[in-house]
Amino acid sequence: MKSSTMHPKASILNIPLELLIEILKCLDYRTVLNCSQVCKEFHQIIKDSLELQYKIELEADGMIDGPRTVGSWSTSERLQLLLDRRARWRTLDWTRIVTLPLVGFCHAYELVGGVFAKTMGVGDNVGARHLTVASLPTRYDDGDMRILEDLGVTSRDFAIDPSQDLITLVDIDDSIPVNVRVTLHLRTISTNTAHKQASKPALECRAPGRITSCFIQIVDDIVGMFFWLQGPTLMIWNWRTGRLVVHCVADYNEGGQHPRPHERALPQLPQETWDFAFLSSRAFLLNSIHGRGFVHLFSFDGNGDPEIPPTLHATLTMPALEPPNTVHHFATHSAPFLGGDSSMGKPFTTDESSRIYMMTITYGQRARFHLFVKSEFLMSFFPSKPSDAKKGRPPMIDWKDWGPTKTRFIENDIHYQWLRYVHGHRAVMPPIPRPMSSWPISHHRLCVFDFKVHPTRLHDPCKAPSSKRARYHIVTIPTLIERKELFKERVETRLPYSVSSLEDKFNYSGFMIDEERLIGMKERET
């Protein structure tokens, strides 16, 4: 019999260390952490590898690595900056405070990719022609500001994507009330000229009445506009090809409104649709105030036919209500998307596919709640490939089967004056007046929620924050809402999150948040 020493037992630990690390780098961070518990050898290899530690901490914070160029940050420097960033968000310990004066009132505004832009009207015009674009200061540079005195068009609203140098200006001509012309001008932020990636300089549509409100969003090669006519209307274009790919109108069985003959073939929105938000460049959600409230999840073809309805994948129900309670308001807010490379000049940047959606729901005139849900859960209803789509009727998921474990439902009578209060997995609350007499009367509370937390993680290299200024804690106990006059059953939710809070003289009308900044907004009449 041959000796066993002539044939050593095969083991993954026998391969070269450099190759083993390259294999481990291909795994997601949770799997790497699981591997570190397999044996002492694996644990030590992962612990001693700076690249694997950096990968773990990146994914733990919902970030992705920045470009590796000559002279850029080393892995050690990136890891140090990442952990410093984590600690500063937990303790709300900013590196510096910069004041940016923005002249003139704000007709419309946006905060995307570190750029704050606003338009300003002149005289009694409905719309604006003046544009201010401010690249906000960072940890690494001071930013800059550009002012364009005349856009050349009167813009009712606009959207931007600085990573694609794209601004979309909404021009509404309602001089003929029964045949309103809507034009979306596709231009560059840098030159205010037609965008070279757009096959058409502008997108146009007609509306059979005055538009009372509208807003637009850009996601990669897609621009969507949700507006109110006799009811809600959703239109989505592929701005690069110039093709209209989604056109849905209100359910005309509601309220006795009847469309014109040419509108009868258009797909209809779910009953009592209230709001709209993109989930990706090929998926969106709709909030409905019908009954107890619903969240509908749709996908669409980016080169499709607007007469073909978007595909419904699932409907999520809200908590059951006691009659005669009804949903009065149901809106969704999340961070804007960036379609280009947003990591240039940064050691790391936010993972666009991982984010929190914050929904505000009001019952009657007073009862106001905020619901937080992760994009990973919402996107789990969509197949990875269209061919994998399930046949048959889309599922309707009852609240008790998703709400308790996948959301945090909080009663909070907070009103936001400024949007862009959500970014990544964080949400910033408006300035909260002092609740206790022990605070100075001029003090307010700044409060940031973070849903990218890991309560069961044993070894966090970011030491427990110690700050005399701020408080930080992780919430794992359930939120219980006992409102028998409102809900049929007690509402319990358990999605973990952390709270960072700070009391100080915050004399702001509101806060915005992005990847590396908190922006306090002040208004003064001149």
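The values are calculated or read from the model by the stated rules, or taken from the named source; none is laboratory data. Just so we're clear, the structure is a prediction, and the values are computed from it rather than from any experiment. Here Cβ is always computed from backbone atoms with ideal geometry, including for glycine, and neighbour counts include all displayed protein chains. For accessibility, only protein heavy atoms count, side chains too; no ligands or nucleic acids. Shrake-Rupley method; radii C 1.70, N 1.55, O 1.52, S 1.80 Å.
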Just the accessible area for residue 199, please: 1.4 Å probe, Å², rounded to the nearest 10? 80 Å²
Step through the residues of segment 95-104 one at a time and calculate ³J(HN,Hα) from phi using the Karplus curve (6.51 cos²θ - 1.76 cosθ + 1.60, θ = phi - 60°), rounding each to whole Hz and writing x for Gly and Pro. 6, 6, 10, 10, 9, 10, x, 10, 6, x
Need one number: nm distance between label points at residue 312 and residue 471, each 7 Å from Cα along Cα→Cβ, rounded to one decimal. 4.5 nm
Going by average Cβ neighbours within 10 Å, how do the peptides 147-157, 311-321 rank, with the highest at the top? 311-321, 147-157
Below 8 Å between Cα atoms, with a sequence gap of 6+, how large is the relative contact order for the chain in percent? 11 percent
Within the set 452/488; 400/484; 374/452; 25/374; 374/400; 406/463, which residue pairs have Cα atoms separated by over 20 Å? 452/488; 25/374; 406/463
Highest mean packing first, using Cβ neighbours within 10 angstrom, the peptides 339-347, 92-100 sort as 339-347, 92-100
Using per-residue counts of other Cβ atoms within 10 Å, averaged over each peptide, order 21-27, 31-37 from highest down. 31-37, 21-27
Suppose R0 equals 45 Å. What FRET efficiency, 1/(1 + (r/R0)^6) with r the Cβ-Cβ distance, do residue 97 and residue 353 give to the nearest 0.05? 0.90
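Taking a probe of 1.4 Å, how large is the accessible area per residue of the chain, in Å²?
Values: 26920 Å² over 526 residues.
For the chain, the solvent-accessible area averages 51 Å² per residue.
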Near residue 505, which lysines are there with a Cα under 18 Å away, not counting those fewer than 8 places off in the same chain? 468, 522
For residue 193, what accessible surface area do you get with a 1.4 Å probe? Give it in Å², rounded to 10. 70 Å²
Labelled set (1) 3, 16, 25, 27, 18, 7, 2, 1, 0, 0; (2) 3, 16, 26, 24, 15, 7, 4, 3, 2, 1, 0; (3) 3, 15, 21, 20, 16, 12, 8, 4, 1, 0, 0; P(r) over Cα pairs in 10 Å bins from 0, in percent computed from this model equals the value at (1)
How long, wide and thick is segment 26-82, going by the Cα atoms along their three principal axes, in whole angstroms, largest first? 37, 21, 18
What's the carbon and sulfur percent of the chain's accessible surface, probe 1.4 angstrom, rounded to a whole number? 53 percent
Give me the one-decimal nm value for the distance between modelled label points at residue 507 and residue 146, 7 Å along each residue's Cα-to-Cβ direction. 3.4 nm
